[in-house]
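One structure below.
The values are calculated or read from the model by the stated rules, or taken from the named source; none is laboratory data. As the structure is a prediction and not an experimental result, all values here were calculated from the model. Here the Cβ positions follow ideal geometry from the backbone for every residue, glycine too, while neighbour counts run over all protein chains shown. Accessible surface is based on the protein model in full, side chains and every heavy atom, while ligands, DNA and RNA are left aside. Shrake-Rupley method; radii C 1.70, N 1.55, O 1.52, S 1.80 Å.
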Amino acid sequence: KRGDGSLFVLLCDGMGSGQAAHRESGLAVRLLEEFLRSGMDSAAAMGTVNSALALKNEESGAFTTVDLLRIDLYTGRGELCKLGAAPTYLRRGETVSRLSGAALPAGLADGEADVTALDLGPGDWVLLVSDGVCDSEEDGWVRELLEGFNGASPKELARQVMEESERR
């Protein structure tokens with residue numbers, strides 16, 4: 001959270017598993033945090049991290065998906081920036097929308113993030129998930145969980161998403 005009222009939510013998922021994936025996503029998180037804390041806007045921070053990871057990974061081939069949500073806590077306006085990340089779900093009233101992009105993961109190629117402008121209001125919910133949660137074609141169950149969410153406990157929603165994902 002920055003002094004200007006911007007709240008950032010970041011989800012990075014290193015490709016693969018184990019320590020290598022952990023290091024890759026951790027590096028992306030640390031770089032993005034530094035750039036955002038310095039006042040850089042979301043799209044510029046994502047572009048810089050993507051370029052840096054692409055240079056670093058020319059030989060290793062490691063990469064990470066990145067979801068970056070920025071919301072102005074005073075106005076509800078913000079954006080969702082994605083680099084190869086799984087779909088994000090937005091609930092407004094009774095309607096759940098899926099937000100996705102076509103950009104490649106960070107470190108795979110030097111390119112721009114997909115950016116979607118958001119204007120959130122009271123009662124709106126945003127759900128970020130990693131690609132291990134669901135197949136992009138079989139996400140009806142995620143939408144149903146979010147549609148039925150009463151807003152009382154985001155932790156409970158996260159638990160339900162994880163349990164159903166493991167079951168599937």
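Structure summary
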read-out	value
Residues of the range 46-67 classified as among the hydrophobic types (A, V, I, L, M, F, W, C) and open to solvent by less than 40 Å² (accessible area, probe 1.4 Å), total	6
Matching residues, the range 89-109, being open to solvent by 30 Å² or more (accessible area, probe 1.4 Å), assigned to a loop (DSSP other than H, G, I, E, B) and under 20 Å from ASP13 (Cβ atoms)	SER100, GLY101, ALA102, LEU104, LEU108, ALA109
Residue within the range 37-45 that is of a type in the set (Asp, Glu), farther than 25 Å from ASP4 by Cβ and open to solvent by 30 Å² or more (accessible area, probe 1.4 Å) present	no
Selection from the range 97-115 of residues that are touching a Pro at 6+ places or on another chain (Cβ under 7 Å) and without any contact (Cβ under 8 Å) to a residue 40 or more places away in the chain	LEU99, SER100
Of all residues in the range 149-165 being surrounded by fewer than 11 Cβ atoms within 10 Å (Cβ to Cβ) and either of a type in the set (Gly, Ala, Ser) or modelled with pLDDT under 90 (or both), the one that is nearest to ILE71 (Cα to Cα)	GLY151
The range 28-83, subset in a strand (DSSP E or B) and among the acidic types (Asp, Glu), residue nearest to LEU118 (Cα to Cα)	GLU79
Enumeration of residues in the range 116-168 that are more than 27 Å from MET15 (Cα to Cα), touching a residue at least 40 places away in the same chain (Cβ under 8 Å) and part of a helix (DSSP H, G or I)	GLU147
